[in-house]
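What follows is calculated from the coordinates using simple rules that are stated; it is not laboratory data. Treat the numbers as computed from the prediction; the structure is a model and nothing was measured. Every residue, glycine among them, receives a Cβ derived from its backbone with ideal geometry; neighbour counts consider all protein chains shown.
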Amino acid sequence: MNILRKHMQVYFVMGSNNCDRNPEVVLKEALEAGVTCFQYREKGEGAKLGIEKLELGARLKELCNEYEVPFIVNDDVELAIQLDADGVHIGQEDGNITSIREKIGNEKIVGVSTHNVEEALRAVELGADYIGVGPMYFTSTKKDIEEVKGPSVITAIREAGVTLPIVGIGGINISNAKEVMEAGADGVAVISAISKAENVEETVIKLQRG
Ligand code: TZP
Ligand code: MG
């Protein structure tokens, strides 16, 4: 199996404002429980900026390194480069995939958020390494979400010939992860299901089973 595909299985996305506890403790528990990828997404209300954002990123990256789990930075390609992250994840409004790829280099992972077949095909064409597809379900974690698409959009993207690793995102939890996988995803990307979990270990294990 493609290594990246394997890393998509349980993809934890998080920034300090998604946690009610110390984010380093939350990430450590998630890594210990077996998350397969991590995205540092320090944005929105109360998010750290500047040196604090950089320093927290450096500490979270260190933890990911210990567990040999890829560390991806959301949006900010300059920060990804500064931290020597394994990759960057960008949205449709975060600039051009080609120039981001040029900046970060061919050996790094570039992930792209997509919402429909057209955006998915375009991301493939421009050289994305994986795509995120969502929102699968309603979520209150991200305020500016697009219309809820449901897992069927992943099936449509597969039917359009996309073989790239795909993660579903948005409102995914232990009760609906299976539907997302059955629709054709390689894994699930979650914020609150893990960052706010009462029992991180149990949650990660259940998400992994699908
Ligand atoms: N992109 C689409 S929905 C979403 C992002 C970053 C938020 C997902 O958060 P949660 O808590 O897993 O629903
Ligand atoms: Mg973005």
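Observations on the structure shown:
- When you count the other C-beta atoms within 10 angstrom of each residue and take the mean per peptide, 96-104, 40-48, 111-119 line up highest first as 111-119, 40-48, 96-104.
- ³J(HN,Hα) computed for each position of region 119-129 - Karplus, 6.51 cos²θ - 1.76 cosθ + 1.60, integer Hz, glycine/proline x: 5, 5, 5, 5, 4, 4, 4, 8, x, 5, 8
- Most mobile listed residue (F12, F71, F138) in the chain, GNM with C-alpha springs under 10 Å: F138
- Kirkwood radius for the chain, taken over all pairs of different Cα atoms as the inverse mean of 1/r, rounds to 16.8 Å.
- Over all Cα atoms in region 3-73, the spread is summed up by Rg and Dmax: 11.6, 35 Å.
- Percentage relative contact order, region 3-209, counting C-alpha pairs under 8 Å, at least six apart: 23 percent
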